[in-house]
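What follows is one structure encoded as C-alpha cells, with my remarks underneath.
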Amino acid sequence: MNLFRRRDDSQDIETLYERLVDLSRDVAFYTELAVPDTIDGRFDTLSIHVHAVLRRLKGQGAVADRGAQALFDRFMLDMDQSLREMGVGDLGVGKRIKKMGAAFYGRMDAYDRGLDAEASADGKSPLAEALHRNLYRDEDVSLEVLQACAARVEALHADMAARSVEDVLLGRL
C-alpha cells in the first residue's frame with residue numbers, strides 16, 4: 001500500500017471485511033466455545049473480530065484512521081442489509097442500526113478494559129467477565145469455556161498486533 005498515492009481502498013476494505021466474517025464463522029466458536037449460533041451470537045462474534053482490527057489500527061496514522069472508519073462503515077452496512085433481508089422495514093432499520101452501533105461501542109469499551117486489566121483474585125479475567133456479559137448474555141457457561149474464549153480473543157489481538165498496518169488493511173490475516 002503506497003501511502004502517498006491516492007486510490008480507492010474500498011476493495012481492500014471489502015477483502016478485509018470478508019476475511020473477518022470468515023474468521024468469525026469458525027465453527028469452534030459455536031461448538032467448543034459454546035457461543036449461541038443465533039443472530040446475536042454471530043453479531044457478537046463478528047464484533048470481536050472487527051474490534052481486534054480497530055484496536056490494532058488505533059493511533060497508527062491517517063491511513064489507518066480512514067481504514068478503521070471504512071471498516072466500521074462496512075460493518076454497519078452489512079448489519080443494515082441483514083436487517084432488511086430479515087424483513088425489518090425502513091422505519092425500523094435506522095433505530096436498530098443505532099442500537100447495534102451503541103452495543104458495538106459498549107462492547108469495544110468493555111473488551112478494551114478487559115484486555116488491559118489484570119486477572120481478579122478468583123482467577124476470572126476481566127476479559128472473560130466482559131465476554132460472559134456480552135457474548136454469552138450472562139448465561140451459564142463454565143469457567144473453563146470462558147477462559148478458553150478469553151484466551152482465543154487475546155490470541156486474536158496478539159496476532160493483530162504482530163501484523164503490519166498494511167497487512168491488516170489489505171485483509172492479510
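Test Leu156 against the criterion of being under 22 Å from Arg42 (Cβ atoms) and in contact with a Cys (Cβ under 8 Å, 6 or more places away or on another chain), and give yes or no. Break it down into steps so the answer makes sense when it comes.
Numbers: under 22 Å from Arg42 (Cβ atoms): yes; in contact with a Cys (Cβ under 8 Å, 6 or more places away or on another chain): no.
So Leu156 fails the test.
How many residues are touching a Ser or Thr at 6+ places or on another chain (Cβ under 8 Å) and of a type in the set (S, T, N, Q) if we restrict to segment 135-173?
1
This table checks each residue for (1) out of contact with any helix residue (DSSP H, G or I) (no Cβ under 9 Å at 6 or more places or on another chain); (2) among the acidic types (Asp, Glu); (3) farther than 26 Å from Ala158 by Cβ.
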| residue | (1), (2), (3) |
| --- | --- |
| Val21 | no, no, no |
| Thr31 | yes, no, no |
| Ala34 | no, no, no |
| Thr38 | yes, no, yes |
| His51 | no, no, no |
| Asp73 | no, yes, yes |
| Met79 | no, no, yes |
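Every number in this text was worked out from the coordinates using simple rules, so none of it is lab data. What you see is a predicted model, and the numbers here were worked out from it, not measured in a lab. Because the Cβ atoms are built from the backbone with ideal geometry, glycine has one as well, and the counts that use them run over all protein chains shown.
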